[in-house]
1. Return the residue satisfying two criteria in turn: it lies in region 99-122 and is in a loop (DSSP other than H, G, I, E, B) and among the acidic types (Asp, Glu), and of such residues it is surrounded by the fewest Cβ atoms within 10 Å (Cβ to Cβ).
2. When residue 277 is evaluated against the numbered criteria (1) buried (at least 17 other Cβ atoms within 10 Å of the Cβ); (2) among the aliphatic types (A, V, I, L, M); (3) modelled with pLDDT under 85, which criterion, by number, is the only one it fails?
3. Within the bounds of region 227-250, is there any residue that is crowded, with 24+ Cβ neighbours inside 10 Å and in a loop (DSSP other than H, G, I, E, B)?
4. Pairs, please: C-beta under 7 Å, at least 6 apart or cross-chain, first residue within 21 Å of residue 67 (Cβ to Cβ) and in region 80-98, second basic (Lys, Arg) and buried (at least 22 other Cβ atoms within 10 Å of the Cβ)?
5. At pLDDT 95 or above, over 15 Å from the mean Cα position of the chain (by Cα), crowded, with 21+ Cβ neighbours inside 10 Å and of a type in the set (Asp, Glu), is that true of residue 191?
6. Which members of region 4-45 meet the condition of being surrounded by fewer than 17 Cβ atoms within 10 Å (Cβ to Cβ) and not in a helix (DSSP H, G or I)?
Amino acid sequence: MPFNLKYTITEKILNNLTLIAAAREVIEQSHLVPKREAKLRRRALMRNTHSSTAIEGNKLTLEQVEALAGGKDVLATDKDKKEVLNYLEALEKVPKLAKKGEIKVEGLLGIHRIITKKVMEHSENSGAFRDKQVFVGRRIIDGSGLKTEVEYMPPPSEKVPGLVKEFIDWLNLDKTWELNPVLLAGVAHYEIARIHPFIDGNGRTARLLATVILYLSGFDHRRIFALDDYYDRDRKAYYAALKTVQTGSGDLTQWLEYFTSGVAVSVQEVKDTILKMGTKGKRGMREQVLITARQMQVVEYINVHGKVTNRDLQELFNISAQAVHKELSKLVEMKVIKPVGDGRSLHYILV
């Protein structure tokens, strides 16, 4: 049975999409130098990681997430630290997790495998569909004790592989990608949450897949939007929005109203940040500096560590000193970085 999509474009959704398009246009036309783009990406990486894991009960603060990402140890359980490091790894691998129109079931399992690596009670459940019934519930006080109230009962485990395949098949259709990318990401987010394919980690997987779709569609090609932050600010509203589809006979309209509102807030925040930076539009004095993905990794490395050496990049990219020198020379020529010192003390910093 093919996947069927049910929703209505309401005035709220239309207004949200209009706001998103206007804010994103400002971002795309702004002169965003690599140094600033790297900072925005780093900020989104930290905030998305903190928020998406916190929603699931992870106790690390944003400051602890930043410290852990910087190679420092923090006072927390091994499980909490591993969850954060796993999600960081998955976000950093977003460009490699799937190709547009070629998303695979194994790719979804791979995403789950990364984010649940060494944190599940039974390792065989990492990157594997659930083989038993699970439910979403909450603990409530009942008389003199506590009991678990079932809030959502996902499809039976035997139906999971088929449901996932039907959705992935739909996701790979050319006409599917004609949808507005924000709506498509919202649909993917909800459908994985609905199917609940795994014993644990369903929310993180759903949010990660939405992030992948926004990247593949070109909507967030810079990876600078902290979308998960919006859900974490009001978790009750997040879960309530997901629940509207269940009570609405599969109609995603209210969920998409909520989802597009979140994207609008996230994109607006980035726009405001860029404007505060004092960047120039496309008609400004300077031209946009275009660099390759590898060169951006160099910029991001310096942004985190403060400097970089030829040897650092040899190890990072597993390439020769000559190849590293070529990349560094290009960045120096574009005035993105500059050399400091000489001989063995030679290193590079951002301009």
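The values are calculated or read from the model by the stated rules, or taken from the named source; none is laboratory data. Bear in mind the structure is a predicted one, so any value in this text is a computation, not a measurement. Cβ sites come from the backbone with ideal geometry, for glycine too, and all protein chains shown count toward neighbours.
1. 121
2. (1)
3. Yes, region 227-250 contains a residue that is crowded, with 24+ Cβ neighbours inside 10 Å and in a loop (DSSP other than H, G, I, E, B).
4. 87/204
5. yes
6. Listed by number, the residues that qualify are 4, 5, 6, 8, 9, 10.
For (1) modelled with pLDDT under 80; (2) part of a loop (DSSP other than H, G, I, E, B); (3) of a type outside the set (Phe, Trp, Tyr); (4) closer than 20 Å to residue 97 by Cβ, each residue gets a yes or a no:
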site	(1), (2), (3), (4)
124	no, no, yes, no
134	no, yes, yes, no
138	yes, no, yes, no
151	yes, no, yes, no
